[in-house]
Amino acid sequence: MLSLGLLIPFGAGTVPDRVAKTVAALASTAPVKHVTLVHDGLPETIETRAETADELLYERNLIRSPEDALSVDPASSLTDGETIVYRPAVPVTVVIDGQPRALRSAALSVADLLRAQRVPFDRHDTIAPGPASALENDTVVVVAHVDAWTETVRKKIAPKVVKRWAFTLPEGTSKVIDPGKPGLAEVAYAVSRSANRRAVRRSALVSRVLRAPRARIVAEGIGEYTALSELAERNVAGTLKFASSALSMVATAYTAECAGCSGTTASGRPAGHGIVAVDPRVIPLGTRMYIPGYGHAVAGDTGGAIRGNRIDLGFNSNAQAFQFGRRSITVYLIK
């Protein structure tokens with residue numbers, strides 16, 4: 001009967017229903033259970049006849065308030081081997097934008113407290129102590145909302161694509177010569193948000209290029225064209241560039257076996273297909289070119305009769321040279 005007298009004062013003269021149930025449970029013949037009670041982070045294994053978590057707390061002289069945290073439903077039945085976590089609320093003060101608010105909370109951290117109180121915050125706001133700080137007795141949490149700041153963002157700059165026409169590639173095919181590399185830019189923004197913190201506005205202040213992009217170079221095949229008009233009809237960019245490098249010339253043919261020929265050209269290369277004789281004042285030696293019906297060639301030789309818009313095409317046999325004869329051609333200089 002002495003134990004009953006110790007529990008009665010909690011009801012200020014009247015035994016509360018929960019205390020009565022606890023007394024009944026202690027006096028009953030209910031089987032003994034072994035549970036672990038974690039109170040303020042400290043675990044304790046208890047032998048009890050309490051039927052619910054609430055009765056267990058009363059048995060341990062712990063009076064639960066609505067602000068306290070309990071890991072299970074207070075009215076749920078206890079089971080043998082169960083773990084109950086109980087954290088009583090502590091008094092704290094929250095100062096939001098200069099407005100103080102006193103309350104009690106069982107939150108583990110400052111962030112948990114602010115979420116429970118529905119106080120919005122993010123990384124731009126000033127919070128002291130920090131959101132990850134443990135919440136202790138009489139902690140003062142100060143929140144200063146920030147609704148305008150400067151933000152720096154880095155962005156990639158896409159490389160431009162440069163196309164180069166390739167006579168050696170079949171028409172309609174392409175080949176990446178250089179994949180290029182993106183550049184990098186840094187942009188500073190003035191950021192502000194509305195009073196309800198839902199709308200965000202950004203205004204660019206200044207930007208600068210940290211690394212210039214390197215162009216992506218793609219070779220586009222155009223095959224063995226005999227006229228630039230076909231390029232123009234297909235609206236292929238670069239037609240004008242080819243046209244500006246085109247020369248109308250009179251071409252003849254020669255071989256290494258021609259009369260007075262040594263077989264070695266002025267450039268030191270052996271005479272043959274692909275080596276043409278030019279007037280260096282019109283086409284400098286070493287210039288690469290393309291001649292429809294003949295192919296790629298290099299200005300690698302000179303000749304006494306080759307003056308002005310005259311060109312002499314090298315062939316590998318006399319039969320090929322005779323077949324070509326003398327004709328007017330268009331020479332495209334490859335730059």
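Every number here is computed from the coordinates shown, using simple stated rules; none is lab data. Predicted model only: the values in this text are computed from it and were never measured. Cβ atoms come from the backbone with ideal geometry, glycine included; neighbour counts cover every protein chain shown.
A few points about this structure:
- Student exercise, region 90-146 dipole from Lys, Arg, Asp, Glu Cβ charges, in Debye to nearest 20: 160 debye
- Between ARG214 and HIS124, full extension at 0.36 nm per residue minus the direct alpha carbon distance yields a gain of 28.8 nm.
- Placing dummy labels 7 Å off each Cα toward the beta-carbon, the span from SER109 to THR45 is 3.2 nm.
- Environment charge of ASP97, counting only residues whose C-beta is closer than 15 Å and scoring Lys/Arg +1, Asp/Glu -1: +1
- Fully extending the segment from ALA75 to ASN196, taken as 0.36 nm per residue of separation minus the present Cα-Cα distance, adds 39.6 nm.
- Between the listed residues LEU184, THR152, TRP165, the Cα displaced farthest toward the positive end of the dipole of region 149-219, a dipole computed from Cβ unit charges relative to the Cα centre, is found at THR152.
- Basic side chains Lys and Arg get +1 at the Cβ, acidic Asp and Glu get -1 at the Cβ, and with that the dipole of region 111-190 about its Cα centre reaches some 880 debye.
- For region 149-219, the antiparallel share of DSSP beta bridges with both residues in that region comes to about 85%.
- Estimated dipole of region 62-160 in Debye, rounded to 20 [Cβ of Lys and Arg +1, of Asp and Glu -1, Cα centre]: 740 debye
- Rounded FRET efficiency, nearest 0.05, which uses the C-beta distance separating ILE334 from THR93 and R0 of 56 Å: 0.10
- Sum of side-chain charges, PRO88 neighbourhood, beta-carbon under 11 Å (Lys, Arg +1; Asp, Glu -1): 0
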